[in-house]
Structures are given as structure tokens and as C-alpha cells.
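A quick write-up on the structure given underneath.
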Amino acid sequence: MNTKQNKQINTNGTGRYLNRLGWDSFFQAHLNTIEKKDLFPARVIGVEKNSFFIDTGKREGRVSVSGRLSYHQSELYPVIGDWVLINQSVIITVLPRKNALIRGASGTQKNRETVSKKVQVIAANLDTVCIVCGLDRDFNIRRIERYLTLVYNCGLNPIIILTKADLHEDPKSCVNALASVAFHVPVHLISLTDDACLSQLHPYLSEGQTIALIGSSGAGKSTLVNRLCGEDIRATGAVSERIGKGMHVTTSRNLIMMPQGGMIIDNPGIREIALWEDQAGVVSAFPDIESLGKECRFSDCSHMHEPGCRVLEAVNSGRIEQSRLNNYYKLRRELDYLSQRQNKSADRIEKERWQEVALKVKAMKRSGRK
């Protein structure tokens with residue numbers, strides 16, 4: 001990358017060649033604060049062990065990361081979708097992120113000793129996160145609620161894409177089922193036998209827009225990318241007939257330029273949706289329960305046994321499914337634990353939790369006697 005190109009990017013950072021990669025005034029403002037003039041911006045479009053693939057808007061290349069970024073944990077470390085500043089073939093710094101799709105690192109959901117210490121940044125600077133579910137054997141409303149909580153926790157905008165609609169006898173019923181749990185979230189049916197249905201996804205792929213696909217292995221993410229692109233650029237695999245699960249055919253994350261003008265990040269299948277510590281996701285994913293909770297007789301109502309609980313009344317009347325409320329309990333407990341784990345020992349939290357359970361059991365027994 002020659003000096004002339006470096007100077008052009010520095011002095012014309014909002015040019016069309018960067019805009020098409022998602023560059024805007026947010027990143028330009030941060031670039032303007034950088035005093036070093038020998039750095040130029042690029043976007044991370046691929047990660048391979050200790051190497052990174054970047055795009056300057058005019059050319060792509062492989063770069064490494066500076067020693068400072070490697071050894072200073074306080075510094076942002078590059079992930080797919082990041083905007084970075086390059087000197088020659090080395091990433092010197094990562095520009096502040098607009099947002100990031102973050103989850104607890106794999107394995108932490110079951111290991112509470114490490115749950116608060118490990119986090120995985122999946123991708124950065126996203127406009128939309130697409131939750132992809134296949135209608136063969138992958139459709140699970142409770143799992144979708146968990147995905148929505150994850151996305152909302154990160155302050156991102158979700159949509160739901162139901163693939164393999166041609167393999168379901170009544171795909172519209174799945175859309176209708178989501179209407180009562182995925183409030184105001186767009187749901188799109190995609191069929192292998194109908195290419196016209198792909199056009200409904202084009203608005204999310206306008207120039208400069210970045211979307212990320214998340215979902216289980218075998219949900220059809222890579223197939224969807226290939227169809228939108230018009231050619232096979234991602235490897236695909238069949239779902240196992242014996243266990244009904246897909247294999248990890250996609251093993252890397254790449255930011256792929258699409259003919260519609262936008263970009264897609266196709267992520268490997270997620271088998272463990274480990275959350276990170278933020279309660280906002282539950283509030284957004286369960287607005288019906290949160291809203292009714294404000295009308296309960298007691299302000300600290302747990303929605304488990306208290307008299308005058310509007311949430312339990314809704315469950316008893318059939319307005320809210322018991323399984324949805326159970327999932328709400330589960331996610332709230334998990335996020336409460338994550339939050340407390342930052343400041344308390346695991347033993348202290350477990351002791352307090354069992355004390356709380358004992359108090360609730362006593363309260364339920366007293367309520368039963370009355």
C-alpha cells in the first residue's frame with residue numbers, strides 16, 4: 001500500500017470507497033482525534049489465528065497486530081467488522097466501536113467459576129443481526145427468545161429468518177407463533193424453491209450496511225449467503241438424519257461484500273448461547289411480562305406465588321404460556337448471577353441463592369395454608 005494511497009485515505013476518509021464498507025461520521029470523528037498522520041483506516045474482513053484480513057476500500061490485504069495490542073488487555077483487540085488504523089502491514093489501534101455482538105465464551109454457561117471472566121466478541125459495528133432458524137428440525141421458540149435476549153443485551157437490532165420453509169407443512173404457523181414472543185421483530189420466510197422471497201432481505205443489504213447471521217449449525221446460514229450472492233462462496237453441509245443437527249461446515253468469520261451493496265458476516269453455528277451481564281436484553285425480549293409486572297400488587301413481585309400478580313393471572317388465562325414465563329425466570333436468574341459474580345465469590349452467591357429459595361418455599365407454604 002503506497003504512500004499516495006495512505007495520504008488519500010487520511011485526507012479523504014469519508015470518500016465513497018470507505019463509505020461502501022460502512023465508514024461514516026462516527027468513525028471519521030474518532031480518526032480526526034488521531035495525531036499520527038502515517039496511519040490509515042481499514043476494516044477487518046477476516047480473522048485467521050494471528051493474521052487479519054483488511055479492506056481499505058480500494059484493496060484487500062493480510063496484516064498482523066502490533067505487540068502493544070497483543071499484550072495490553074486494556075486495548076481493544078481486533079475482531080471481524082472492526083475499523084482499525086494501519087501502519088504499513090501492522091494494526092496499530094482499533095477505533096471505538098459503535099456496537100458489538102458479545103456472548104459469554106463457549107463453556108462458561110455450565111462453568112460458573114469462569115462465567116464472569118470470559119467473554120467472546122463475535123463481531124463489531126453491525127446494523128442488523130439475523131437470527132436464522134431452519135424449519136426442518138431447528139425451530140424452537142424458547143431458543144429464539146434466548147437469541148433475542150443476547151441481541152438486545154448488545155443493543156442491536158434483530159430480525160428473524162426462517163429458512164427451509166419448503167420443508168414445513170405449515171410455515172405460516174411458525175410465523176404466527178413468533179408473533180406472541182418476538183414483538184415488533186421482522187420475521188422472514190425463506191424457501192429453497194422460491195428465489196423471489198430473497199428480495200425481502202435486500203433492504204438490510206443496502207450500501208454500507210453490515211448484517212451478521214447467527215444460529216445453529218445446519219440452519220441454512222451459508223446456503224442463504226450463497227443464494228443472496230448468486231454463487232457458491234460458502235461451504236454448506238447436510239443436516240444429520242440421525243440426530244437432526246448440522247455440522248460445523250463454516251468454521252471462520254468473514255465479512256463478505258454482497259452484490260446488493262451491503263456486507264454479511266456468516267458466523268459458525270452457535271451451540272451454546274451463553275449470555276453476558278446485562279438485564280436490558282430480558283426487558284426487551286419479554287416486554288409483555290415486564291409490562292404486566294409493573295401492574296402487580298407488590299413492586300418486588302417475583303411472579304411466582306404472590307397474590308395480585310398480573311403475570312400469573314395472564315398465565316392462568318392463557319395470555320402468556322407457562323413455558324415462556326419459565327424461560328423468563330431462567331434468563332433472569334442467569335443474568336442476575338452474572339451481575340453478582342462480578343462482585344461476589346461463587347460460594348457467597350450460592351449461599352444467598354439457597355437462602356432466597358428457602359424463604360420463597362416458606363412463603364408458598366404460608367400462602368397454601370391460607
key: Filter result for ARG16 (at pLDDT 85 or above, closer than 20 Å to ILE211 by Cα and of a type in the set (D, E, K, R))   = no
note = Scanning the range 293-308 residue by residue, those touching a residue at least 12 places away in the same chain (Cβ under 8 Å) and under 21 Å from PHE183 (Cβ atoms) turn out to be GLY293, GLU295, CYS296, HIS303
task = Assess whether ALA212 counts as being under 17 Å from the mean Cα position of the chain (by Cα), in contact (Cβ under 8 Å) with a residue 24 or more places away in the chain and assigned to a strand (DSSP E or B).
result = yes
key: Among (1) surrounded by fewer than 18 Cβ atoms within 10 Å (Cβ to Cβ); (2) within 20 Å of LYS221 (Cβ to Cβ); (3) of a type outside the set (Lys, Arg) - the single one ASP138 does not satisfy   = (1)
note = Checked the range 181-209 for anything touching a residue at least 24 places away in the same chain (Cβ under 8 Å) and part of a loop (DSSP other than H, G, I, E, B); matches are VAL181, ALA182, PHE183, VAL185, PRO186, ILE190, LEU192, THR193, SER206, GLU207, GLY208, GLN209
inquiry  = Would you confirm, using the coordinates I've provided, whether CYS301 is outside any helix (DSSP H, G or I) and under 22 Å from GLU334 (Cα atoms)?
reply    = yes
request  = Could you look through the range 246-276, keep only residues that are modelled with pLDDT under 60 and either buried (at least 16 other Cβ atoms within 10 Å of the Cβ) or within 15 Å of the chain's Cα centre (by Cα) (or both), and pick out the one that is nearest to THR163 (Cα to Cα)?
outcome  = GLY246
note = Scanning the range 128-159 residue by residue, those among the β-branched types (Val, Ile, Thr) and either more than 12 Å from the chain's Cα centre (by Cα) or part of a helix (DSSP H, G or I) (or both) turn out to be ILE141, ILE144, THR149, VAL151
task = Among the candidates LEU325, LEU338, single out the residue that is part of a helix (DSSP H, G or I) and modelled with pLDDT under 90.
result = LEU338
query = at pLDDT 85 or above and part of a helix (DSSP H, G or I) - does that describe any residue in the range 70-91?
reply = no
message = Of all residues being of a type in the set (S, T, N, Q) and in contact (Cβ under 8 Å) with a residue 24 or more places away in the chain in the range 126-158, which is nearest to ALA280 (Cα to Cα)? Just the residue, please.
response = ASN153
query = Do you know which of the residues in the range 38-69 that are among the charged types (D, E, K, R) and part of a strand (DSSP E or B) is surrounded by the most Cβ atoms within 10 Å (Cβ to Cβ)?
reply = ARG43
query = If the Cβ limit is 9 Å and pairs must be 6+ apart or interchain, which residue in the range 159-170 that is touching a residue at least 60 places away in the same chain (Cβ under 8 Å) and assigned by TED's automatic domain parsing to the domain that holds ALA182 pairs with which residue that is among the charged types (D, E, K, R) and surrounded by 19 or more Cβ atoms within 10 Å (Cβ to Cβ)?
reply = ILE161/LYS221; THR163/ASP138; THR163/LYS221
remark   = Note on GLY220: of the conditions (1) at negative phi; (2) crowded, with 20+ Cβ neighbours inside 10 Å, unmet is (1)
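The values are calculated or read from the model by the stated rules, or taken from the named source; none is laboratory data. Since the model is a prediction, treat every value here as computed from it, not as a measurement. All Cβ positions, even for glycine, are placed from backbone atoms using ideal geometry, and neighbour counts span all protein chains on display.
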